[in-house]
Amino acid sequence: MKRLGLIGGTSWLSTVEYYTLINQGINEKLGGLNFSECMIYSFNFADIKKNIDAGDWETIFQMFQKACDALTTSGAEAIVLCAATPHHIADRLQKEIHLPILHLATATAIEIQKQGLSKVALLGTRFTMEFDFFRKKLADQGIETMIPNEEDRTYIHASIFDELGHGVFKAETKARYLSIIDGLIKDGAEGIILGCTEIPLLLKPEDIPVPSFDTVKLHTQAAIDFSLS
């Protein structure tokens with residue numbers, strides 16, 4: 001089994017979900033008392049959020065590079081960023097470290113292709129929706145990406161940091177998300193990417209009338225496959 005290096009704390013809720021799904025997936029494959037061999041470098045999310053709010057991605061990059069170096073020294077054989085937003089710096093990190101970074105958007109693009117879809121909508125933090133790190137990976141595979149309008153992007157972003165990241169899941173928040181999704185479908189979205197690790201804790205596949213893509217499940221499955229390869 002190959003050893004995984006998980007970088008988490010962004011938020012701790014999403015890191016717990018990653019750790020749980022990876023261990024469950026390994027056990028489903030191997031049975032018995034077999035679970036993932038992995039290490040977790042978990043940030044204090046307040047330190048990350050402070051730099052995000054300041055637009056200081058250089059400091060964030062340095063923090064993640066330090067985490068990658070620590071995991072590499074400890075014997076990790078691949079890096080898993082346990083949230084979507086940090087993938088904004090994933091390609092730059094990959095140039096600086098010698099371990100493969102298992103990219104969340106690549107895993108998502110593979111599954112969208114399998115389902116034969118060519119136009120999907122992306123939900124996530126403002127950075128995930130507006131920066132090109134996710135959409136570019138999809139475009140490279142011929143997949144068009146839609147994002148919500150400005151007002152809806154602002155609402156989704158705030159709800160992730162103010163509610164979902166704290167484990168708060170309100171019925172009215174879910175209703176607003178479903179209304180946003182309904183509008184995207186009417187505008188041509190063939191599928192919906194739940195591109196933040198906390199969103200699938202609010203919405204389930206049966207809530208959405210078109211195929212949905214839980215990036216956490218897709219990303220953790222890629223990690224499982226790597227670990228067992």
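A compact table of results
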quantity: Selection status of Thr154, of a type in the set (S, T, N, Q) and either farther than 19 Å from Cys196 by Cβ or over 17 Å from the mean Cα position of the chain (by Cα) (or both); calculated: yes
quantity: Residues located in the stretch 167-184, provided they are free of Cβ contacts under 8 Å to residues at least 40 places away in the same chain and either in a helix (DSSP H, G or I) or touching a strand residue (DSSP E or B) at 6+ places or on another chain (Cβ under 7 Å) (or both); calculated: Ala171, Glu172, Thr173, Lys174, Ala175, Arg176, Leu178, Ser179, Asp182, Gly183
quantity: Among the candidates Pro200, Pro209, residue that is outside the structural domain of Asp47 (by the TED database) and open to solvent by less than 40 Å² (accessible area, probe 1.4 Å); calculated: Pro200
quantity: Matching residues, the stretch 119-130, being open to solvent by less than 60 Å² (accessible area, probe 1.4 Å) and either part of a loop (DSSP other than H, G, I, E, B) or touching a helix residue (DSSP H, G or I) at 6+ places or on another chain (Cβ under 8 Å) (or both); calculated: Val120, Ala121, Leu122, Leu123, Gly124, Thr125, Arg126, Phe127, Thr128, Met129
quantity: Of residues in the stretch 23-54 being over 19 Å from Thr72 (Cβ atoms) and of a type in the set (A, V, I, L, M), the one most open to solvent (accessible area, probe 1.4 Å); calculated: Leu33
quantity: Qualifying residue in the stretch 82-91 (condition: polar (S, T, N, Q), open to solvent by 10 Å² or more (accessible area, probe 1.4 Å), free of Cβ contacts under 8 Å to residues at least 60 places away in the same chain and under 30 Å from Asp182 (Cβ atoms)); calculated: no
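The values are calculated or read from the model by the stated rules, or taken from the named source; none is laboratory data. Just so you know, these numbers come straight off a predicted model, no measurement behind them. Neighbour counts run over all protein chains shown; Cβ positions are idealised from the backbone, glycine included. Just so you know, the surface numbers come from the protein's heavy atoms only, side chains and all, with ligands and any DNA or RNA stripped out. Shrake-Rupley method; radii C 1.70, N 1.55, O 1.52, S 1.80 Å.
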